[in-house]
1. Take region 385-440 and flag every residue that is within 16 Å of the ligand (Cβ to nearest atom), part of a strand (DSSP E or B) and either farther than 23 Å from Lys532 by Cβ or without any contact (Cβ under 8 Å) to a residue 40 or more places away in the chain (or both).
2. Being surrounded by fewer than 20 Cβ atoms within 10 Å (Cβ to Cβ) and within 16 Å of the ligand (Cβ to nearest atom) is the filter here; which residues of region 360-380 pass it?
3. Enumerate the pairs (first residue in region 355-384 and in contact (Cβ under 8 Å) with a residue 12 or more places away in the chain; second residue anywhere and open to solvent by 50 Å² or more (accessible area, probe 1.4 Å) and among the acidic types (Asp, Glu)) with beta-carbon separation below 8 Å, excluding pairs fewer than 6 apart on the same chain, so at least 6 apart or on different chains.
4. Find the residue count for region 441-475, including only residues that are more than 21 Å from Val498 (Cβ to Cβ), in a loop (DSSP other than H, G, I, E, B) and either out of contact with any Ser or Thr (no Cβ under 7 Å at 6 or more places or on another chain) or more than 16 Å from the ligand (Cβ to nearest atom) (or both).
5. State all residues of region 294-316 that are without any contact (Cβ under 8 Å) to a residue 60 or more places away in the chain and either in a strand (DSSP E or B) or touching a helix residue (DSSP H, G or I) at 6+ places or on another chain (Cβ under 7 Å) (or both); if no residue qualifies, say none.
6. When region 218-242 is examined, which residues are found to be under 33 Å from the mean Cα position of the chain (by Cα) and exposed (fewer than 13 other Cβ atoms within 10 Å of the Cβ)?
7. Based on what the data block shows, is Pro497 open to solvent by 50 Å² or more (accessible area, probe 1.4 Å), away from the ligand (no atom under 16 Å from the Cβ) and at negative phi?
8. Consider Gly337 against the criteria (1) modelled with pLDDT of 95 or more; (2) more than 12 Å from the ligand (Cβ to nearest atom); (3) more than 20 Å from the chain's Cα centre (by Cα): it satisfies all of them except one. Which criterion is unmet?
Amino acid sequence: MSALILWQLNTWILCWMNHYKLQQVLCVVPTFKFHRVLLAASSDYFRAMFTSGMKESQQLCVNLPFLEASELEALISCTYSGSIQLNWGCVFEISCTALQLQFQHILSMCLSFLEKEMNAHSCLDVASFAEAYGMQELLETANKFVLRHFQNVATTPKFQDLPANKLRKYLKSNSLLVTSELVVFKAVAVWIEACPSKRLRFAKELMKSIFFPLMTDNEFKEVKTAKLWTQCNTKRLYQTILEDFHSYYIAPRTLCRVYQPKDSLVLVGGDQISADLSRQNPSRELWFGNSLKSYIGLVKNVEWRLLTEMPNPPRLSHDVAVLAEKLYVVGGQDYSGRLNVLKSVYRYDPIQNSWERLADLQEKRCNFSIVVFEGMLYAIGGDSDPETNLKSVESYCMNTDSWSFARPLDMTLSCHAATVLDGKIFISGGYHQRYRCLTSMFTYHPERGTIYLADMRQPRAYHCMETLHGHLYVAGGITLDEDKTSIDQLTCEVYDPVTDTWSAFTNLPIPHVGAASVVLEGMFYVLGGYFKDNYRETRLVHRYDPMLQFWENMGVMPGPNTDIRACLIHLPNHLRKCQNI
Ligand SMILES: *[C@@H]1O[C@H](CO)[C@@H](O)[C@H](O)[C@H]1NC(C)=O
């Protein structure tokens with residue numbers, strides 16, 4: 001219980017104090033003293049109390065029987081200082097009080113703490129809190145966090161207190177991210193063992209959400225030796241699971257765990273070479289990866305769906321970018337008929353499912369890179385025809401729908417890769433003056449120009465570069481052998497901007513020349529391309545997981561393969577509904 005004493009106003013407090021009758025200071029029980037006006041300014045609850053003619057508007061002392069003194073103290077000190085010390089020990093109590101007394105500003109500080117600081121130990125608490133107070137957005141954020149960090153969350157003590165219906169929901173979700181079915185089994189086992197007498201009856205149903213045939217023999221050995229089976233009445237359940245595991249050979253080939261990432265990987269345009277290499281077939285198609293599927297025997301693939309087609313012409317060697325939730329398709333070349341390098345630019349709005357033509361580039365450009373930098377698009381270098389590499393850079397301003405030249409590069413450059421890290425544009429490799437393949441790495445600034453950094457260990461062009469965990473990963477493309485002939489580049493390198501050094505990481509299993517790339521949920525995807533060796537298309541998708549340090553095969557491309565571009569974008573829900581198998 002708390003009581004609040006309303007202090008006399010000092011003249012320095014807010015100018016609209018005249019609205020309120022000035023009050024005298026009065027001492028009652030040793031409690032809190034507070035300036036009435038400041039209280040009214042920070043809390044809708046108190047503003048209503050003081051201005052609505054309630055009896056408290058005349059009183060010098062207000063009783064707040066539902067409040068803990070410590071919480072009130074924190075709110076008061078925050079109202080005066082504008083800042084509040086939040087930690088997991090107090091944030092829920094303070095949020096509740098701020099909510100009850102309608103301290104909007106403090107409440108939003110608490111909510112931002114809950115969202116930003118959420119971790120495996122606190123996310124389930126955040127979810128319960130959000131649910132109890134009907135905060136839909138926070139609840140969604142917390143639930144997504146639980147699902148994406150399920151492996152860690154399942155080892156926390158809080159997880160063992162989860163009600164059965166909540167656990168069931170998480171296990172059935174298409175956003176449950178697990179590296180193996182064993183993770184799911186361990187979670188269920190831990191949860192049951194926390195209170196076997198009450199929870200064994202859920203075991204059969206919960207085990208149904210685990211795809212046992214997808215486990216390896218070693219994984220199943222761990223299932224076999226689980227403590228759970230020492231409980232009585234688990235014999236039959238174990239038998240069922242064992243049979244399920246052994247149904248490996250008869251399980252439908254469609255049996256898989258489906259995972260839907262938050263954002264969708266979108267493939268844009270590109271080329272398809274006919275099987276006899278006689279004909280090119282540039283594309284207008286946009287495909288998106290709706291879900292990732294894990295099948296028996298570590299087989300994985302992407303569930304591709306056709307999103308839309310871009311307006312004519314079809315294009316390859318273009319580039320794409322996402323700005324303000326819209327997708328930009330810029331330049332490139334159209335090879336149907338004769339070679340034609342493009343200036344045109346289109347924007348796709350996934351919500352309206354509509355295309356819009358924008359201002360043309362100043363220069364025809366293909367084999368270039370686009371980055372989003374300080375709210376603008378930058379189109380960097382490229383080729384304007386097979387004889388001319390470009391040095392120029394142009395920027396696109398959304399508000400004026402116009403392209404203007406920025407400071408040019410130091411040299412002509414095409415088939416390079418560019419990406420942004422920590423507010424800097426990094427550019428690696430590429431060709432200078434027609435087929436001089438480079439080892440260079442530099443930062444480019446639209447006003448300040450170029451700063452050269454450590455060279456890559458080998459020349460590289462027509463490759464991919466992506467930002468991941470504060471590092472820049474390069475993969476794919478071509479390199480030069482001792483005779484300066486271009487050959488497939490399988491070696492991969494990662495750049496550390498802190499030490500300005502390159503180091504090798506796991507080689508790609510096959511060449512990806514002219515491939516597309518994105519980073520999706522912490523993994524580096526390299527998509528399609530071709531073999532320099534024989535010009536056959538690569539057709540495969542590989543992804544690199546820096547934790548596991550290997551390239552996983554993620555199945556095949558849905559259509560076009562080469563000179564294709566990819567990006568991540570948030571697509572509306574109606575496009576993403578899962579057909580559950
Ligand atoms: C784009 O780059 C590829 C690969 O180097 C090349 O074959 C093609 O001619 C280039 N396009 C133009 C217009 O220069």
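The values are calculated or read from the model by the stated rules, or taken from the named source; none is laboratory data. Fair warning: this is a prediction, and the values are worked out from it, not measured in the lab. Reconstructed Cβ throughout: ideal geometry from the backbone, glycine too, with neighbour counts over all protein chains shown. All accessible areas refer to the heavy atoms of the entire protein, side chains included, with ligands and DNA or RNA removed. Shrake-Rupley method; radii C 1.70, N 1.55, O 1.52, S 1.80 Å.
1. Correct list: Thr388, Arg436.
2. Passing the criteria: only Glu363.
3. Leu358/Asp401; Ala359/Asp401; Lys364/Asp385; Ser384/Glu363
4. The number of residues fulfilling the criteria is 5.
5. Glu303, Thr308, Glu309
6. Scanning region 218-242 gives a single hit, Asn218.
7. Spelling it out, it is not the case that Pro497 is open to solvent by 50 Å² or more (accessible area, probe 1.4 Å), away from the ligand (no atom under 16 Å from the Cβ) and at negative phi.
8. Of the numbered conditions (1) modelled with pLDDT of 95 or more; (2) more than 12 Å from the ligand (Cβ to nearest atom); (3) more than 20 Å from the chain's Cα centre (by Cα), the odd one out for Gly337 is (1).
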